[in-house]
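Encoded as structure tokens, the structure appears first; notes follow it.
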Amino acid sequence: MNKIPVGPKLYVYPLPTFLVGANVANKPNFMAVAWGGVANSEPPMLSVAIRHHRHTYLGIKHNLTFSVNIPSTNLVKEMDYCGIVSGSQVDKSATCNFKIFYGKLKTAPLIEQCPVNLECKVIHLLNLGTHTLVIGQIEETYVSEDCLSDGKPDINKIMPITADIQAHNYHSQGDFIGKAFSIGKNLQ
Ligand SMILES: Cc1cc2nc3c(=O)[nH]c(=O)nc-3n(C[C@H](O)[C@H](O)[C@H](O)COP(=O)(O)O)c2cc1C
């Protein structure tokens with residue numbers, strides 16, 4: 001197999017898409033984030049990488065809380081919009097008709113239309129260069145009732161959006177190809 005070295009690239013596939021929320025000057029604001037993921041299991045933590053000058057970051061630093069909302073495919077336009085305009089210029093929640101609610105943390109705005117909402121408290125802010133890696137401890141999680149099957153979140157109902165940032169494309173949930181922690185046993 002001929003491998004082509006292409007230099008140090010962020011070729012990671014697929015990337016999730018989140019709507020990260022924070023209250024900035026007491027107003028809810030949301031930005032699209034693809035550079036994020038799970039960071040720890042006990043206590044449950046996640047990370048999001050945010051450029052220092054993002055409007056949302058002002059609120060994260062000020063309140064030390066933020067939210068991660070997982071949009072479904074039917075919110076692809078709104079998610080993209082929140083990734084191309086800044087809350088410093090427009091009220092994105094109003095344009096997107098987001099219904100906002102607050103949970104335990106009081107300063108982390110949550111989007112009702114997103115099937116999964118995670119409320120996070122900031123644990124670490126790590127300046128890595130262009131971005132600050134924000135590590136948040138998940139304080140509460142909300143799931144829309146109609147996205148549960150047998151009491152558990154159902155990915156086929158949640159319908160998350162994945163991103164191919166290099167190609168500037170969004171994708172929906174792919175096909176089921178095997179049981180986790182199980183299919184590999186066929187090789188034993
Ligand atoms: C799909 C997508 C993913 C993005 N991921 C990130 C990210 O991980 N970190 C980041 O700082 N900006 C990311 N952006 C850019 C911000 O969402 C964008 O600059 C946004 O307008 C910032 O909003 P704000 O100024 O209201 O905070 C992404 C944009 C898109 C469209």
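Assorted remarks:
- Restricting attention to the range 143-168, the residues that are in contact (Cβ under 8 Å) with a residue 24 or more places away in the chain and touching a strand residue (DSSP E or B) at 6+ places or on another chain (Cβ under 8 Å) total 13.
- Hits in the range 77-111 - residues which are touching a residue at least 60 places away in the same chain (Cβ under 8 Å), among the hydrophobic types (A, V, I, L, M, F, W, C) and part of a helix (DSSP H, G or I): 79
- In the range 25-65, the residues that are near the ligand (Cβ under 6 Å from one of its atoms) and not in a strand (DSSP E or B): 34, 35, 54, 55, 56
- Residue that is farthest from residue 96 (Cα to Cα), among those in the range 117-143 that are open to solvent by 30 Å² or more (accessible area, probe 1.4 Å) and among the hydroxyl-bearing types (Ser, Thr, Tyr): 130
- The number of residues in the range 155-188 that are of a type in the set (Gly, Ala, Ser), more than 16 Å from the ligand (Cβ to nearest atom) and either outside any loop (DSSP other than H, G, I, E, B) or surrounded by 12 or more Cβ atoms within 10 Å (Cβ to Cβ) (or both) comes to 1.
- Filtered by the rule that a residue be over 17 Å from residue 40 (Cα atoms) and assigned to a strand (DSSP E or B), the range 117-154 gives 117, 127, 131, 132, 142, 143, 148, 149, 152, 153.
- Any hit, the range 66-76, residues being open to solvent by less than 70 Å² (accessible area, probe 1.4 Å), assigned to a loop (DSSP other than H, G, I, E, B) and within 11 Å of the ligand (Cβ to nearest atom): yes
- Scanning the range 128-137 for any residue that is of a type in the set (Ser, Thr, Tyr) and farther than 24 Å from residue 157 by Cα turns up at least one such residue.
- When residue 114 is tested against (1) open to solvent by 30 Å² or more (accessible area, probe 1.4 Å); (2) assigned to a loop (DSSP other than H, G, I, E, B); (3) not small (Gly, Ala, Ser), only condition (1) is not met.
The values are calculated or read from the model by the stated rules, or taken from the named source; none is laboratory data. What you are looking at is a predicted structure, and each value in this text was computed from that prediction instead of being measured. Because the Cβ atoms are built from the backbone with ideal geometry, glycine has one as well, and the counts that use them run over all protein chains shown. The accessibility values were calculated without ligands, DNA or RNA, using every heavy atom of the protein model including side chains. Shrake-Rupley method; radii C 1.70, N 1.55, O 1.52, S 1.80 Å.
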